[in-house]
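Here is the structure we will look at, set down as C-alpha coordinates.
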Amino acid sequence: MAHEGILMGMGNPLLDISAVVDEHFLQKYDLKSNNAILAEEKHVPMYEEMANNPNVEYTAGGATQNSIRVAQWMLQIPGATSYIGCIGKDKFGEEMKKNSKLTGVNVQYYEDESTPTGTCAVCVVGDQRSLVANLSAANCYKSEHLKRPENWALVEKAKFYYIAGFFLTVSPDSIQLVSEHAAAHDKIFMMNLSAPVICEFFKDAQEKFLPYMDFLFGNETEARTFSKVHGWETENVEEIALSLSRWPKASGTHKRIVVITQGADPVVVAEDGKVKKFPVIFLPKDKIVDTNGAGDAFVGGFLSQLVQEKSIEDCVRAGCYAANVIIQRPGCTYPEKPDFN
(Lines give C-alpha, C1' and ligand atoms only; values in the text may rest on other atoms or scores of the structure.)
Protein backbone atom coordinates (compact mmCIF):
# COMPACT_ATOMS: atom_id res chain seq x y z
CA MET A 1 0.00 0.00 0.00
CA ALA A 2 0.99 3.62 -0.47
CA HIS A 3 2.94 5.02 2.46
CA GLU A 4 4.65 8.25 3.46
CA GLY A 5 7.33 9.26 0.95
CA ILE A 6 6.51 6.50 -1.59
CA LEU A 7 6.60 8.88 -4.58
CA MET A 8 9.33 11.44 -5.20
CA GLY A 9 9.42 14.14 -7.85
CA MET A 10 12.28 16.36 -8.93
CA GLY A 11 11.92 19.28 -11.30
CA ASN A 12 11.65 22.98 -12.02
CA PRO A 13 9.33 24.71 -9.51
CA LEU A 14 7.73 27.66 -11.27
CA LEU A 15 5.11 30.03 -9.97
CA ASP A 16 2.38 30.00 -12.63
CA ILE A 17 1.21 33.49 -13.59
CA SER A 18 -2.00 32.73 -15.41
CA ALA A 19 -4.17 35.21 -17.31
CA VAL A 20 -6.66 35.27 -20.18
CA VAL A 21 -5.13 37.07 -23.18
CA ASP A 22 -6.09 37.50 -26.86
CA GLU A 23 -4.60 36.56 -30.25
CA HIS A 24 -3.01 40.01 -30.51
CA PHE A 25 -1.06 39.32 -27.28
CA LEU A 26 0.23 36.02 -28.71
CA GLN A 27 1.32 37.76 -31.95
CA LYS A 28 2.97 40.60 -30.04
CA TYR A 29 5.24 38.13 -28.20
CA ASP A 30 5.57 35.68 -31.10
CA LEU A 31 3.74 32.84 -29.29
CA LYS A 32 1.79 29.84 -30.57
CA SER A 33 -1.23 28.43 -28.76
CA ASN A 34 -0.93 24.92 -27.28
CA ASN A 35 2.86 25.21 -27.03
CA ALA A 36 5.55 25.39 -24.32
CA ILE A 37 8.79 27.35 -24.73
CA LEU A 38 11.58 28.89 -22.67
CA ALA A 39 11.51 32.68 -22.33
CA GLU A 40 13.86 34.77 -24.44
CA GLU A 41 14.80 38.44 -24.09
CA LYS A 42 11.75 39.49 -26.17
CA HIS A 43 9.39 37.82 -23.66
CA VAL A 44 10.64 39.62 -20.52
CA PRO A 45 8.10 42.52 -20.59
CA MET A 46 5.28 40.00 -20.90
CA TYR A 47 5.44 38.94 -17.22
CA GLU A 48 4.88 42.49 -15.99
CA GLU A 49 2.02 42.91 -18.46
CA MET A 50 0.37 39.73 -17.21
CA ALA A 51 0.91 40.58 -13.53
CA ASN A 52 -1.04 43.80 -14.19
CA ASN A 53 -3.91 41.88 -15.79
CA PRO A 54 -7.02 42.14 -13.53
CA ASN A 55 -7.77 38.40 -13.91
CA VAL A 56 -4.22 37.20 -13.07
CA GLU A 57 -3.89 34.11 -10.82
CA TYR A 58 -0.85 32.56 -9.11
CA THR A 59 -0.36 28.81 -8.52
CA ALA A 60 2.62 26.69 -7.47
CA GLY A 61 3.46 25.10 -10.80
CA GLY A 62 6.10 23.57 -13.00
CA ALA A 63 5.33 20.29 -14.75
CA THR A 64 6.71 17.83 -12.17
CA GLN A 65 5.39 19.79 -9.20
CA ASN A 66 1.90 19.83 -10.79
CA SER A 67 1.94 16.04 -11.24
CA ILE A 68 3.17 15.46 -7.70
CA ARG A 69 0.53 17.82 -6.24
CA VAL A 70 -2.23 16.02 -8.15
CA ALA A 71 -0.94 12.58 -7.06
CA GLN A 72 -0.88 13.83 -3.46
CA TRP A 73 -4.46 15.14 -3.79
CA MET A 74 -5.65 11.81 -5.23
CA LEU A 75 -3.86 9.77 -2.53
CA GLN A 76 -5.05 11.84 0.47
CA ILE A 77 -2.20 10.35 2.57
CA PRO A 78 -0.22 13.18 4.25
CA GLY A 79 3.36 13.28 2.98
CA ALA A 80 2.89 10.34 0.56
CA THR A 81 4.81 12.45 -1.95
CA SER A 82 8.00 14.50 -1.80
CA TYR A 83 9.39 17.06 -4.21
CA ILE A 84 12.78 18.70 -4.79
CA GLY A 85 13.71 21.73 -6.90
CA CYS A 86 15.21 25.22 -6.66
CA ILE A 87 13.48 28.53 -5.84
CA GLY A 88 14.77 32.02 -5.05
CA LYS A 89 14.75 33.75 -1.67
CA ASP A 90 12.01 36.23 -2.58
CA LYS A 91 8.27 36.89 -2.32
CA PHE A 92 7.43 34.50 -5.17
CA GLY A 93 9.51 31.84 -3.38
CA GLU A 94 7.58 32.44 -0.15
CA GLU A 95 4.31 32.22 -2.12
CA MET A 96 5.48 28.90 -3.58
CA LYS A 97 6.43 27.43 -0.18
CA LYS A 98 3.12 28.48 1.36
CA ASN A 99 1.17 27.13 -1.63
CA SER A 100 3.02 23.78 -1.68
CA LYS A 101 2.84 23.06 2.05
CA LEU A 102 -0.95 23.48 1.90
CA THR A 103 -1.09 20.65 -0.64
CA GLY A 104 0.45 18.10 1.74
CA VAL A 105 3.54 17.48 -0.42
CA ASN A 106 6.84 17.24 1.50
CA VAL A 107 8.73 19.96 -0.41
CA GLN A 108 12.47 20.39 0.07
CA TYR A 109 13.47 23.41 -1.97
CA TYR A 110 17.04 24.48 -2.54
CA GLU A 111 16.94 28.27 -2.07
CA ASP A 112 19.22 30.29 -4.32
CA GLU A 113 20.32 33.57 -2.71
CA SER A 114 20.99 35.53 -5.89
CA THR A 115 18.39 34.44 -8.48
CA PRO A 116 14.65 35.16 -8.47
CA THR A 117 12.09 32.34 -8.27
CA GLY A 118 11.18 30.89 -11.66
CA THR A 119 7.87 31.84 -13.22
CA CYS A 120 5.73 30.48 -16.01
CA ALA A 121 3.44 32.72 -18.01
CA VAL A 122 0.26 30.79 -18.78
CA CYS A 123 -1.37 32.71 -21.63
CA VAL A 124 -4.93 31.46 -21.97
CA VAL A 125 -6.81 32.04 -25.25
CA GLY A 126 -10.19 30.28 -25.31
CA ASP A 127 -9.57 26.70 -24.15
CA GLN A 128 -5.95 26.69 -25.41
CA ARG A 129 -2.84 27.89 -23.61
CA SER A 130 0.68 28.98 -24.47
CA LEU A 131 3.35 28.48 -21.78
CA VAL A 132 6.47 30.61 -21.51
CA ALA A 133 8.80 29.49 -18.74
CA ASN A 134 11.36 31.84 -17.26
CA LEU A 135 13.36 29.30 -15.26
CA SER A 136 15.49 31.77 -13.26
CA ALA A 137 16.23 30.01 -9.92
CA ALA A 138 14.74 26.69 -11.15
CA ASN A 139 17.75 26.60 -13.49
CA CYS A 140 20.18 26.75 -10.54
CA TYR A 141 19.46 23.38 -8.92
CA LYS A 142 22.66 21.61 -7.81
CA SER A 143 23.07 17.89 -7.14
CA GLU A 144 24.94 18.84 -3.91
CA HIS A 145 21.50 19.64 -2.45
CA LEU A 146 20.23 16.20 -3.44
CA LYS A 147 23.25 14.54 -1.82
CA ARG A 148 22.59 16.16 1.57
CA PRO A 149 21.71 13.33 4.01
CA GLU A 150 18.22 14.67 4.77
CA ASN A 151 17.39 14.90 1.03
CA TRP A 152 19.04 11.65 -0.04
CA ALA A 153 16.92 10.01 2.69
CA LEU A 154 13.86 10.99 0.58
CA VAL A 155 15.39 9.19 -2.42
CA GLU A 156 16.03 6.09 -0.34
CA LYS A 157 12.53 6.11 1.15
CA ALA A 158 10.76 6.44 -2.23
CA LYS A 159 9.86 3.46 -4.42
CA PHE A 160 8.71 5.54 -7.42
CA TYR A 161 10.44 8.54 -9.05
CA TYR A 162 8.98 10.96 -11.57
CA ILE A 163 10.93 13.69 -13.39
CA ALA A 164 9.62 15.79 -16.29
CA GLY A 165 11.93 16.09 -19.31
CA PHE A 166 12.33 19.83 -18.63
CA PHE A 167 14.78 18.95 -15.81
CA LEU A 168 17.22 17.56 -18.43
CA THR A 169 18.09 21.19 -19.15
CA VAL A 170 18.93 21.88 -15.49
CA SER A 171 20.55 19.02 -13.60
CA PRO A 172 21.29 15.85 -15.59
CA ASP A 173 23.70 14.75 -12.85
CA SER A 174 20.80 14.75 -10.32
CA ILE A 175 18.74 12.66 -12.77
CA GLN A 176 21.66 10.28 -13.11
CA LEU A 177 21.94 9.79 -9.34
CA VAL A 178 18.23 8.98 -9.02
CA SER A 179 17.94 6.82 -12.17
CA GLU A 180 20.96 4.70 -11.20
CA HIS A 181 19.64 4.32 -7.64
CA ALA A 182 16.27 3.16 -9.03
CA ALA A 183 17.89 0.63 -11.38
CA ALA A 184 20.15 -0.73 -8.62
CA HIS A 185 17.35 -1.10 -6.06
CA ASP A 186 14.54 -2.48 -8.23
CA LYS A 187 12.49 0.74 -8.03
CA ILE A 188 10.40 2.47 -10.69
CA PHE A 189 11.93 5.42 -12.60
CA MET A 190 9.71 7.56 -14.84
CA MET A 191 10.11 10.56 -17.11
CA ASN A 192 8.09 12.64 -19.58
CA LEU A 193 8.94 13.81 -23.11
CA SER A 194 7.56 17.16 -21.84
CA ALA A 195 7.82 19.36 -24.96
CA PRO A 196 8.83 19.21 -28.64
CA VAL A 197 11.74 21.58 -27.84
CA ILE A 198 13.19 19.00 -25.38
CA CYS A 199 12.97 16.21 -28.00
CA GLU A 200 14.71 18.47 -30.55
CA PHE A 201 17.44 20.22 -28.59
CA PHE A 202 18.12 17.83 -25.69
CA LYS A 203 18.09 14.65 -27.77
CA ASP A 204 21.38 13.31 -26.37
CA ALA A 205 20.38 13.82 -22.73
CA GLN A 206 16.99 12.22 -23.42
CA GLU A 207 18.65 9.21 -25.08
CA LYS A 208 21.07 8.83 -22.18
CA PHE A 209 18.26 8.34 -19.66
CA LEU A 210 15.77 6.44 -21.85
CA PRO A 211 17.31 3.05 -20.88
CA TYR A 212 16.48 3.80 -17.21
CA MET A 213 12.85 4.75 -17.84
CA ASP A 214 10.32 2.13 -16.70
CA PHE A 215 7.47 4.44 -17.68
CA LEU A 216 7.62 7.17 -20.30
CA PHE A 217 4.81 9.72 -20.68
CA GLY A 218 4.15 12.26 -23.41
CA ASN A 219 1.52 13.68 -25.75
CA GLU A 220 1.01 13.11 -29.48
CA THR A 221 2.91 16.25 -30.59
CA GLU A 222 5.96 15.34 -28.49
CA ALA A 223 5.84 11.72 -29.71
CA ARG A 224 5.75 12.84 -33.36
CA THR A 225 8.63 15.25 -32.76
CA PHE A 226 10.67 12.45 -31.15
CA SER A 227 9.95 10.25 -34.18
CA LYS A 228 11.00 12.98 -36.61
CA VAL A 229 14.22 13.78 -34.72
CA HIS A 230 15.16 10.07 -34.75
CA GLY A 231 14.34 9.63 -38.44
CA TRP A 232 11.60 7.07 -37.80
CA GLU A 233 9.53 8.36 -40.73
CA THR A 234 6.18 7.77 -39.06
CA GLU A 235 3.58 10.07 -37.55
CA ASN A 236 1.54 7.12 -36.27
CA VAL A 237 1.39 7.57 -32.50
CA GLU A 238 0.82 3.85 -31.86
CA GLU A 239 3.91 2.88 -33.88
CA ILE A 240 6.00 5.54 -32.13
CA ALA A 241 4.84 4.37 -28.67
CA LEU A 242 5.79 0.77 -29.58
CA SER A 243 9.24 1.82 -30.81
CA LEU A 244 9.82 3.80 -27.59
CA SER A 245 8.73 0.83 -25.47
CA ARG A 246 11.29 -1.36 -27.28
CA TRP A 247 14.22 0.99 -26.68
CA PRO A 248 16.92 -0.99 -24.77
CA LYS A 249 16.67 -1.03 -20.95
CA ALA A 250 19.48 -0.41 -18.43
CA SER A 251 18.17 -3.13 -16.12
CA GLY A 252 16.06 -6.13 -17.04
CA THR A 253 13.95 -5.99 -13.87
CA HIS A 254 11.06 -3.97 -15.32
CA LYS A 255 9.74 -3.66 -18.85
CA ARG A 256 9.10 -0.17 -20.23
CA ILE A 257 5.52 1.04 -20.56
CA VAL A 258 4.89 4.08 -22.79
CA VAL A 259 1.80 6.22 -22.21
CA ILE A 260 0.86 8.86 -24.81
CA THR A 261 -2.11 11.19 -24.34
CA GLN A 262 -3.86 12.76 -27.35
CA GLY A 263 -6.13 15.46 -25.95
CA ALA A 264 -9.74 14.35 -26.52
CA ASP A 265 -8.60 11.23 -28.46
CA PRO A 266 -7.86 7.89 -26.73
CA VAL A 267 -4.79 7.39 -24.54
CA VAL A 268 -2.25 5.08 -26.21
CA VAL A 269 -0.40 2.57 -23.98
CA ALA A 270 2.42 0.44 -25.43
CA GLU A 271 3.42 -2.57 -23.34
CA ASP A 272 4.82 -6.05 -24.13
CA GLY A 273 4.90 -5.34 -27.87
CA LYS A 274 1.18 -4.48 -27.94
CA VAL A 275 -0.81 -1.26 -28.00
CA LYS A 276 -3.98 -0.64 -26.02
CA LYS A 277 -6.18 2.43 -26.41
CA PHE A 278 -8.29 3.89 -23.63
CA PRO A 279 -11.01 6.48 -24.28
CA VAL A 280 -10.87 9.70 -22.27
CA ILE A 281 -13.90 11.14 -20.45
CA PHE A 282 -15.97 13.14 -22.92
CA LEU A 283 -16.40 16.77 -21.93
CA PRO A 284 -18.50 19.27 -23.93
CA LYS A 285 -16.41 22.21 -25.18
CA ASP A 286 -18.38 24.72 -23.12
CA LYS A 287 -17.28 22.93 -19.91
CA ILE A 288 -13.57 23.36 -20.71
CA VAL A 289 -12.15 26.29 -18.76
CA ASP A 290 -8.39 25.88 -19.24
CA THR A 291 -6.31 22.99 -20.62
CA ASN A 292 -3.19 24.16 -18.77
CA GLY A 293 -1.86 21.34 -16.60
CA ALA A 294 -4.11 18.67 -18.16
CA GLY A 295 -1.12 16.51 -19.13
CA ASP A 296 0.53 17.02 -15.74
CA ALA A 297 -2.75 16.15 -14.00
CA PHE A 298 -3.11 13.00 -16.11
CA VAL A 299 0.34 11.85 -14.94
CA GLY A 300 -0.49 12.73 -11.31
CA GLY A 301 -3.71 10.72 -11.40
CA PHE A 302 -1.92 7.81 -13.10
CA LEU A 303 0.87 7.80 -10.48
CA SER A 304 -1.62 7.89 -7.58
CA GLN A 305 -2.85 4.42 -8.61
CA LEU A 306 0.52 3.08 -9.78
CA VAL A 307 2.05 3.54 -6.31
CA GLN A 308 -0.88 1.50 -4.97
CA GLU A 309 0.00 -1.28 -7.45
CA LYS A 310 -3.29 -0.95 -9.34
CA SER A 311 -3.69 -2.17 -12.94
CA ILE A 312 -2.61 -0.02 -15.90
CA GLU A 313 -6.30 0.31 -16.77
CA ASP A 314 -7.02 1.79 -13.32
CA CYS A 315 -3.99 4.07 -13.62
CA VAL A 316 -5.22 5.43 -16.99
CA ARG A 317 -8.75 5.82 -15.61
CA ALA A 318 -7.41 7.86 -12.68
CA GLY A 319 -5.27 9.92 -15.06
CA CYS A 320 -8.29 10.71 -17.23
CA TYR A 321 -10.35 11.56 -14.14
CA ALA A 322 -7.71 13.99 -12.80
CA ALA A 323 -7.24 15.67 -16.20
CA ASN A 324 -11.01 15.99 -16.56
CA VAL A 325 -11.26 17.74 -13.16
CA ILE A 326 -8.37 20.12 -13.89
CA ILE A 327 -9.58 21.31 -17.33
CA GLN A 328 -12.86 22.43 -15.79
CA ARG A 329 -10.98 24.83 -13.50
CA PRO A 330 -8.50 27.68 -14.04
CA GLY A 331 -4.83 26.56 -13.85
CA CYS A 332 -3.73 23.29 -12.30
CA THR A 333 -6.18 23.47 -9.37
CA TYR A 334 -8.62 20.98 -7.89
CA PRO A 335 -11.43 20.73 -5.30
CA GLU A 336 -10.65 19.82 -1.69
CA LYS A 337 -11.26 16.07 -2.13
CA PRO A 338 -11.30 13.80 -5.19
CA ASP A 339 -14.38 11.66 -5.87
CA PHE A 340 -12.56 8.98 -7.86
CA ASN A 341 -13.37 5.35 -7.08
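The values are calculated or read from the model by the stated rules, or taken from the named source; none is laboratory data. Note that this is a predicted model, so its numbers are computed, not measured. Cβ sites come from the backbone with ideal geometry, for glycine too, and all protein chains shown count toward neighbours. Heavy atoms of the whole protein, side chains included, go into the accessibility calculation; ligands, DNA and RNA do not. Shrake-Rupley method; radii C 1.70, N 1.55, O 1.52, S 1.80 Å.
General remarks:
- Residues with amide H under 5 Å from that of ASN192, placed H, sequence gap 5 or more: ILE163, GLY165, PHE217
- In order along segment 104-112, the phi-based Karplus estimate (6.51 cos²θ - 1.76 cosθ + 1.60, θ = phi - 60°) of 3J(HN,Hα) comes to x, 7, 7, 8, 10, 7, 8, 9, 8 Hz; Gly and Pro are listed as x.
- A cut-off under 15 angstrom between Cβ atoms defines the neighbours of CYS140, and their net charge, with Lys, Arg +1 and Asp, Glu -1, is -4.
- Shown is the FRET efficiency for ARG246 and MET1, computed with R0 = 41 Å from the Cβ-Cβ distance and rounded to the nearest 0.05: 0.80.
- SER311 versus GLU95: modelled label distance in nm, points set 7 Å from Cα along the beta carbon direction: 4.4
- When Rg and Dmax are taken over the Cα atoms of segment 96-235, they come to 16.5, 47 Å.
- For the options GLY331, GLY252, GLY104, a Gaussian network treatment of the chain with springs between C-alpha atoms closer than 10 Å singles out GLY252 as fluctuating the most.
- Loop sites in segment 94-175: trypsin sites (Lys or Arg not before Pro), DSSP, at most 13 other Cβ within 10 Å: none
- Using a probe of 1.4 Å on the protein chains alone, the accessible area found for TRP232 is around 70 Å².
- Per-q log10 I(q)/I(0), segment 29-69, q = 0.22, 0.24 Å⁻¹ (Debye; single scatterer per alpha-carbon; no solvent): -1.00, -1.09
- Amide H partners (placed H, <5 Å) of ILE6, local residues excluded: none
- Count Lys and Arg as plus one, Asp and Glu as minus one, and take only other residues whose Cβ is under 12 Å from that of LEU102; the net charge is then +2.
- Heavy-atom accessible surface of segment 1-60: percent carbon and sulfur, 1.4 Å: 51
- FRET efficiency, LYS228 to LEU102 (Cβ-Cβ, R0 45 Å, nearest 0.05): 0.65
- Bridge type composition, the chain - antiparallel percent by DSSP, nearest 5: 35
- Placing TYR162, TYR334 in order of accessible area, with the largest value first and a 1.4 Å probe, yields TYR334, TYR162.
- Potential lengthening between ASP186 and ASN341 on full extension [0.36 nm per residue; Cα-Cα distance subtracted]: 52.9 nm
- Most mobile of ASN34, ASN192, ASN219 in a GNM of the chain (Cα contacts under 10 Å): ASN34
- Spherically averaged projected area in nm², based on the convex hull that wraps the Cα atoms of segment 257-341: 5.5
- Of the GluC sites (Glu not before Pro) in segment 76-129, the ones in a loop by DSSP (not H, G, I, E or B) with at most 11 other beta carbons within 10 Å are GLU113.
- Exposure ranking of ASP286, ASP173, ASP112 by accessible area [1.4 Å probe, largest first]: ASP286, ASP173, ASP112
- Remark: the chain carries 43 Å² of accessible area per residue (probe radius 1.4 Å; ligands, DNA and RNA excluded).
- Estimated 222 nm signal from helices in the chain, with DSSP H stretches of n ≥ 4 weighted -39500 (n - 2.57), rounded to 500: -10500 deg cm²/dmol
- Note on segment 76-207: with charges restricted to the Cβ of Lys and Arg (+1) and Asp and Glu (-1), its dipole about the Cα centre is near 380 debye.
- Residue-by-residue Karplus 3J(HN,Hα) for segment 80-89, coefficients 6.51, -1.76, 1.60, Hz, glycine and proline x: 5, 10, 10, 8, 10, x, 10, 10, x, 8
- Here segment 259-306 is described by how far its Cα atoms reach on the three principal axes: 38, 21, 14 Å, from widest to narrowest.
- All C-alpha pair distances within the chain, sorted into 10 Å bins from zero, spread as 6, 28, 38, 24, 5, 0 percent across the bins.
- Sites GLU111 and LYS285, calculated FRET efficiency, Cβ-Cβ separation with R0 30 Å, nearest 0.05: 0.10
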